[in-house]
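Sharing a structure here in structure tokens format.
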Amino acid sequence: MGGGIIGLSAALELAAAGLQVTLFDRGRAMGEASSAAAGMLAAGDPDNAVGLRALADLSRRLYPGFLADVERLSGERVPIRTTWAIQGGPEVPESSSELGAGELEAAAPGVTTGGLHFFSLEEKSLDPRDLARALPKAVRASGVTLIEDAEVTAVVERGSGVEIETRSERWTAERLIHASGAWAAKLTGLPVVPRKGQMVLVEEIGVPRLKVVLRTPEIYLVPRGDGRIVIGATVEDAGFDKQVSEAAIGRLLDQAAAVWPPVREARRVESWAGLRPGSPDELPVIDACGERCWVATGHFRNGILLAPGTARLLREMILGETLSVDVAGFRCGRFALSAVS
Ligand code: FAD
């Protein structure tokens, strides 16, 4: 259950392993956090939790094959939009070296440092809206039955199967994966909550100038390669509210202009909000949560990056294969559960 990038990637992986997969989404596949994201594959972001490192590296390695499969099966392009990120912070991590003024100017002409120290990261980004077009198509083409507007309302493990109720039908499956993003608490009892993120899209006037992702502790700018730049993002605890606030968007634009002044002249195109699934320790939950049920949620700020690695781990767990990375930090048992389906 759950047709975001996590559920869809898992469906693709399991179908490729020969399983018969049905995927339910309460709305439209890729209609929630997964299409609201900026699309940075920020495996090397020094602000990532240390516990993410191995899964992030696994995902980064799997990404080229994942995108190739999605493109082949869907017939849609999902291009890599940027291949480098320039990150500014109060200090430069030991593993990186600070960019000199000339190097910084060459990478991002016109950037204002504001006293921060900048370094570069070999990090790609994609446009999640490209994935939103391609991934559901690819999943269907791989033989998965994708059912939209079908909210799962109850899950009961009974003997050799799992009984699943949607608003209009009852199904029985051999196994179920909860991949319901920010809504996961409802049927799993896990302490996963929505962490709202607001974003704004602008278009540079004239020749596009920003060619790399520009990121500071306060703000990121993610160019799409065609003059459009996504600027984000807030992190708010606002329940399931997805309203966009002018004040928040104004702050994002001001913070972006402080590091990248051309934003002041850029044309504002669109703004939106999405709900990241957040766990208390900001690490995902990827685990069995019963004899026949698994859960994959809590990917917080990195679910686009972590999707192929999560799908691989789910396949390995479900089929009893050797795990590619240690999952001790992703277990359900690290939280006190209020209810388990
Ligand atoms: P979702 O995409 O929210 O999908 C969950 C799905 O489950 C939804 O489609 C929902 O309809 C469905 N569902 C819920 N309940 C039920 C039910 N009962 N029955 C059936 N279906 C159900 N990540 C990155 O890696 N890089 C980024 O640059 C990045 N930027 C971001 C910027 C913003 C503003 C936001 C909001 C997120 C960003 N993220 C980023 C995080 C990333 O978007 C999420 O971690 C990821 O999308 C989570 O995927 P998901 O499939 O778990 O959740």
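Given a 1.4 angstrom probe, what's the average accessible area per residue across the chain, in square angstrom?
Accessible area per residue, the chain: 44 Å².
Under the rule of at least 5 residues apart or a separate chain, name every residue whose amide H is placed under 5 Å from the amide H of TRP84.
GLU123, VAL213
What is region 52-109 by shape, rounded, prolate or oblate, if you read a ≥ b ≥ c off the alpha carbon gyration tensor as root eigenvalues and call it rounded for a/c under 1.5, prolate for a/b larger than b/c, and oblate otherwise?
Oblate shape, in that a/c is at least 1.5 and b/c is the bigger or equal ratio.
Also, I was wondering about something else. Of the options VAL111, PHE66, TRP84, report the single residue whose Cα projects farthest towards the positive end of the charge dipole of region 62-179 (beta-carbon charges: Lys, Arg +1; Asp, Glu -1).
The one lying farthest along the dipole's positive direction is PHE66.
Between ALA141 and SER245, 0.36 nm times their residue separation minus their Cα-Cα distance comes to what?
Fully extending the segment from ALA141 to SER245 adds 33.6 nm.
Rounded to the nearest 10 Å², what accessible area does TRP183 show when all protein chains are kept and the probe is 1.4 Å?
60
Follow-up question, since we're still on this one. Rolling a 1.4 angstrom probe over the protein chains, ignoring ligands and nucleic acids, what is the accessible area of LYS186 in square angstrom, nearest 10?
150
Further question on the same structure: For region 106-245, state what percent of all Cα-Cα pairs lands in each successive 5 Å bin, counting from 0 Å until the bin that includes the largest distance.
Once binned at 5 Å, the Cα pair distances of region 106-245 give 2, 7, 11, 14, 14, 14, 12, 9, 7, 5, 3, 2, 0.
With only Lys, Arg, Asp and Glu charged, each at its Cβ (+1 for the first two, -1 for the last two), find how big the charge dipole of the chain is about the Cα centre; round to the nearest 20 debye.
For this selection, approximately 620 debye.
Could you sort 191-197, 103-109 so that the peptide with the highest average Cβ count within 10 Å comes first and the rest follow in order?
Ranking the peptides 191-197, 103-109 by packing returns 191-197, 103-109.
Right, something else. Could I have the simple spin-label model distance between ARG61 and ASP149, label points 7 Å from Cα toward Cβ, reported in nm to one decimal?
With each label placed 7 Å out from Cα toward Cβ, I get 4.3 nm.
With the crude spin-label approximation of a point 7 Å out along Cα→Cβ, what separation in nm comes out for ASP237 versus ARG158?
Distance between label points: 3.9 nm.
On to the next question. Using the Cα centre as the reference, give the magnitude of the dipole from point charges on the C-beta atoms of region 1-84 (Lys, Arg: +1; Asp, Glu: -1; all else neutral), rounded to the nearest 20 debye.
Using only the charged Cβ atoms, the result is roughly 100 debye.
To continue, here is another question. So what is Rg over Rh here for region 56-179, counting just Cα atoms and using Kirkwood for Rh?
Radius of gyration over Kirkwood radius for region 56-179 works out to 1.19.
Now, a different point. With a 1.4 Å probe and every protein chain kept in, tell me what percent of the accessible surface of the chain is carbon plus sulfur.
49
Looking at the square roots a ≥ b ≥ c of the eigenvalues of the Cα gyration tensor of the chain, which shape do they give, rounded for a/c under 1.5, prolate if a/b is larger than b/c, or oblate?
prolate
If you count, for each residue, the other Cβ atoms within 10 Å and average over each peptide, how do 41-52, 111-122 line up from highest to lowest?
With the highest mean Cβ count within 10 Å placed first, the list reads 41-52, 111-122.
Show me, for region 184-191, the HN-Hα J-couplings you get by feeding each phi into the Karplus relation (A = 6.51, B = -1.76, C = 1.60, θ = phi - 60°), rounded to Hz, glycine and proline as x.
5, 4, 4, 9, 10, x, 6, x
Right, here's the next one. For a quick check: with amide H placed at 1.01 Å from N, whose amide H comes under 5 Å from HIS178's, ignoring anything fewer than 5 positions away on the same chain?
Answer set, sorted by chain and number: TRP294, VAL295, ALA296.
Give the whole-number value, in cubic angstrom per residue, of the convex hull volume spanned by the C-alpha atoms of region 111-177.
So the per-residue hull volume is 230 Å³.
The values are calculated or read from the model by the stated rules, or taken from the named source; none is laboratory data. Just so we're clear, the structure is a prediction, and the values are computed from it rather than from any experiment. Positions of Cβ are backbone-derived with ideal geometry, glycine not excepted, and every protein chain shown enters the neighbour counts. Please note that ligands, DNA and RNA were not included when accessible areas were found on the heavy atoms of the full protein model with its side chains. Shrake-Rupley method; radii C 1.70, N 1.55, O 1.52, S 1.80 Å.
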